[in-house]
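Just below is one structure, and these are the notes that go with it.
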Amino acid sequence: MSIQVRRTRRLSRLQNVQLFGEGYTVFGIDGPNLRWRPPRWRFLAFEDGKLVAHAGVLRQTIGVGGNPLRVAGFAGLVTVAAARGRGLARLMQDVAADFSDRRLKADFMAAFCRERLLPFYLGRRWTEVTSPAFIEQPSGTIASPLPVVYFPLRSMTWPSGTVEIRSLPW
Ligand SMILES: CC(C)(COP(=O)(O)OP(=O)(O)OC[C@H]1O[C@@H](n2cnc3c(N)ncnc32)[C@H](O)[C@@H]1OP(=O)(O)O)[C@@H](O)C(=O)NCCC(=O)NCCS
């Protein structure tokens, strides 16, 4: 098996459907109805030329306890069904962490995560934010209906206090 990871700014319509299904059904229909922010950078994994996994990254300065914190948003993690259970999500997270650290100089990666996927993140050195977290929506600022998780990129402790994402979620 030979895996190649490429960085891109855009997905083709076909790649979108291959990864997420029509209407982003891969993330399930149980999630809250939210407006999302697309990632700025995307990492695509190909196995023998076939698209098998995706992760997105964006840059955002959030507020924690009233102070600014530079994070790299980690978004849209998906492995196509036929390629799951072989470490591709782990690989995509590592690639995104390396980029977020070296290129974006972010202190943490931060992600929004469905309840049912919390064990996946918590098993990979992510931590759930326990303070209240707020996101932006067209209707205004709302409490995040999804858990927010973070991953340290250097030896820093996540600050305490209310989290203001100051953006649509990703
Ligand atoms: C979640 C998902 C990305 C995992 O992809 P994958 O390539 O199969 O994951 P990996 O093989 O890299 O597994 C990494 C680790 O997570 C664990 N894991 C994978 N799916 C899990 C799940 N649903 N719940 C808990 N743990 C999970 C694996 O056992 C593995 O553990 P290990 O490191 O101890 O061996 C994939 O199932 C998927 O695309 N699901 C649909 C889209 C989705 O829900 N994405 C997440 C958005 S937050």
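The values are calculated or read from the model by the stated rules, or taken from the named source; none is laboratory data. Just so you know, these numbers come straight off a predicted model, no measurement behind them. Here the Cβ positions follow ideal geometry from the backbone for every residue, glycine too, while neighbour counts run over all protein chains shown.
Would you check if R84 is among the basic types (K, R), modelled with pLDDT of 95 or more, within 16 Å of the ligand (Cβ to nearest atom) and under 26 Å from Q4 (Cα atoms)? Criteria met by R84. The set of residues from the range 68-81 being near the ligand (Cβ under 8 Å from one of its atoms) and in contact with a helix residue (DSSP H, G or I) (Cβ under 7 Å, 6 or more places away or on another chain) comprises L77, V78, T79, V80. Consider the range 134-170 and keep the residues that are among the aliphatic types (A, V, I, L, M) and surrounded by fewer than 12 Cβ atoms within 10 Å (Cβ to Cβ). The one that is nearest to A96 (Cα to Cα) is M156.
Being in a helix (DSSP H, G or I) and modelled with pLDDT of 95 or more is true for just one of L58, L19, L11, L44. Which residue is that?
Answer to the selection: L19.
Under the condition of being loosely packed, with under 10 Cβ neighbours inside 10 Å, on the phi < 0 side of the Ramachandran plot and touching a residue at least 24 places away in the same chain (Cβ under 8 Å), the residues counted in the range 7-57 number 3.
Restricted to the range 108-133, and to residues there that are surrounded by 17 or more Cβ atoms within 10 Å (Cβ to Cβ) and of a type in the set (F, W, Y), the residue that is nearest to Q60 (Cα to Cα) is F108.
For the range 26-35, filtered to residues that are at pLDDT below 75 and more than 10 Å from the ligand (Cβ to nearest atom), the residue that is farthest from H54 (Cα to Cα) is D30.
Summed over the range 136-156, the residues that are more than 15 Å from the ligand (Cβ to nearest atom) and either of a type in the set (D, E) or closer than 29 Å to L91 by Cβ (or both) give a count of 6.
If you go through the range 91-117 and pick out every residue that is within 8 Å of the ligand (Cβ to nearest atom), modelled with pLDDT under 95 and assigned to a helix (DSSP H, G or I), you end up with 2.
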